[in-house]
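To keep things clear, I will list the structure first and then write my remarks on it.
The values are calculated or read from the model by the stated rules, or taken from the named source; none is laboratory data. This is a predicted model, so every value here is computed, not measured. Here the Cβ positions follow ideal geometry from the backbone for every residue, glycine too, while neighbour counts run over all protein chains shown. All accessible areas refer to the heavy atoms of the entire protein, side chains included, with ligands and DNA or RNA removed. Shrake-Rupley method; radii C 1.70, N 1.55, O 1.52, S 1.80 Å.
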Amino acid sequence: MKEWNEKTATVLLDEDRYPRGANHPTRHIEYACLCGKGKIVHERVPGFDDYWTKIKCTVCKKKYEIRSGCGYIWELVEK
């Protein structure tokens, strides 16, 4: 498997979102998944160290899982 992480994946969407009642934006980033049929979604709230990353692809979800490290770093690894 080739390296697939927040630095190597193709960004499909990168925007700030303001959830209802929020004073701080949530950073919403969508990346192309490894197979190209779905996406990987990453959201974080700057300043609060609150973030999550999910695989939104039925093909890749069966083969890979998200490994996250310190900060906002993530990578796909084989199950």
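If you go through region 44-67 and keep only what is closer than 16 Å to GLU3 by Cβ and either among the basic types (Lys, Arg) or open to solvent by 70 Å² or more (accessible area, probe 1.4 Å) (or both), you end up with LYS63, GLU65, ARG67.
Only one of the listed residues (VAL41, VAL11) is open to solvent by less than 30 Å² (accessible area, probe 1.4 Å) and either in contact with a His (Cβ under 9 Å, 6 or more places away or on another chain) or free of Cβ contacts under 8 Å to residues at least 24 places away in the same chain (or both). That residue is VAL41. Filtered by the rule that a residue be of a type outside the set (Val, Ile, Thr), in contact (Cβ under 8 Å) with a residue 12 or more places away in the chain and at negative phi, region 44-60 gives ARG44, PRO46, PHE48, TYR51, LYS54, LYS56, CYS57, CYS60. In region 14-37, the residue that is surrounded by the fewest Cβ atoms within 10 Å (Cβ to Cβ) out of those that are in a strand (DSSP E or B) and of a type in the set (Ser, Thr, Tyr) is THR26.
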